[in-house]
Amino acid sequence: MEPHDKHIALLTDLLPRYRTVNSHYRETVDKSVLCFDAQCTIADFYNEFNDIQLFEKSILNFLLSTDKEIQTQIISNLRTEAGTNLEIYTANKDFFDGIDIINVCSGRYNPIRSDIDGQLEVANSLWQELTKVRNSLESASWKIDKIATGRLTGEEEKVENLYKKEQKKLETLYRKQKESDNHAAGYLKNVFEEVYKLGCSFISLLNNYFPVEKEKTQTLESTAEISEPEQEPQTEIEPNMIFRTGKYETFLTLEAKLITDKYLNAELHWISTHENGKPDIKRLVTFLVALMDNKYFLPGKDPKIKTFFESRYHISIGQNFERKRREPLLDEYRIIFPNYIF
């Protein structure tokens, strides 16, 4: 398979798997119980698709696809399934995060256990019979009863062979049990939050390369902030134009946390507001200051950084991004975002 086709196949494989995962999410919420098979499916999904760089490469290759109609349909469906997953998790976050996966794995349906119990009864019964025959043989030997000794020796051999045969069956069952336990041990982690963060990254990249056409709405700034005239449309800024190597991927993780903490919604609209209900642009600029202070951006890119985030988060930052307004925020971002690992 050519690399181009390989990357496109990743997206077409991802879509039905997402649907299956979402089906397990709904069933788990409805029954208030996570079954082991669902845990395996969800964990396998995360382990197989958690390479964000590979996903972005797939998106870039898919973008070159000539059939735009099919392309649009697949991207739309993928965005829908990812968004559905985020919605289900967000609405039931405490439930999903609180699931005891160890109990899920240890309580899984495992018919080998009952087979072992049955085989143990058979083997123990033969062992008791063998012990009884050996005791009788020892007694006959002491009495020098050659007839009884000969008969009991043959009986001992027969029972012993039966016992060894059943014991081998038991050992086979124990080996299968160990294999089953080793398999289950690979699914002991609760990955619901990781799947959520992964979905946020998926949607972020989908929105970046396949923007959703929306009506332009005027965003009001805080009365304490200075507004500026509407700017002319600017050339779209790509991440590699402003981010240092490797920093964009780290930024996507932080962005997922912004969604979790209700600064952004799943469509990447900045929704954090002041108590007066107006957009909290200062908090957004504080976040950008934190990124700048931790060397996320290439030097001399201030205008492009502002343009990139205005477009990405559907909000006007205006003069709030000027250097003289940013500098005081250097002392604030660790207080406002204390749990963010920049």
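The values are calculated or read from the model by the stated rules, or taken from the named source; none is laboratory data. Since the structure is predicted, the reported quantities are computational estimates derived from the model, not experimental observations. Surface accessibility is based on the protein's heavy atoms, side chains included, excluding ligands, DNA and RNA. Shrake-Rupley method; radii C 1.70, N 1.55, O 1.52, S 1.80 Å.
Side notes on the structure shown:
- Listed residues Ile281, Ile116, Ile52, most fluctuating in the chain (Gaussian network, C-alpha, under 10 Å): Ile116
- Length-normalised contact order of segment 239-342 in % [C-alpha pairs under 8 Å, at least 6 apart]: 34
- Expected 222 nm ellipticity per residue - DSSP helices of 4 or more, -39500 (n - 2.57), all of the chain, to 500: -22000 deg cm²/dmol
- Degrees between helix 247-260 axis and first principal axis of the chain (Cα, 0 to 90, nearest 10): 80
- Listed by chain and number, the lysines placed with their C-alpha closer than 19 angstrom to that of Lys301 are Lys247, Lys324; residues fewer than eight positions away on the same chain are left out.
- For Glu166, Glu121, the ranking by accessible surface with the largest value first comes to Glu121, Glu166, using a 1.4 Å probe.
- The long axis of helix 3-31 is offset from the longest Cα principal axis of the chain by roughly 70 degrees.
- Degrees, to the nearest 10: 68-91 long Cα axis against longest axis of the chain: 70
- Residue pairs, from the table Lys93/Lys178; Lys257/Lys282; Lys93/Lys306; Lys197/Lys306; Lys31/Lys168, whose Cα atoms sit over 29 Å apart: Lys93/Lys178; Lys93/Lys306; Lys31/Lys168
- Across the chain, the relative contact order, built from alpha-carbon pairs under 8 Å that are at least six residues apart, equals 18 percent.
- Over segment 6-79, Cα pairs under 8 Å with separation of 6+ residues give a relative contact order of 52 percent.
- Structure-derived volume of the Cα convex hull per residue in Å³ - corresponding label in (1) 228; (2) 215; (3) 126: (2)
- Accessible surface of Glu327, taken over heavy atoms with a 1.4 Å probe and every protein chain present, rounds to 100 Å².
- Listed by chain and number, the aspartates and glutamates placed with their C-alpha closer than 17 angstrom to that of Lys278 are Glu221, Glu225, Glu228, Glu310; residues fewer than eight positions away on the same chain are left out.
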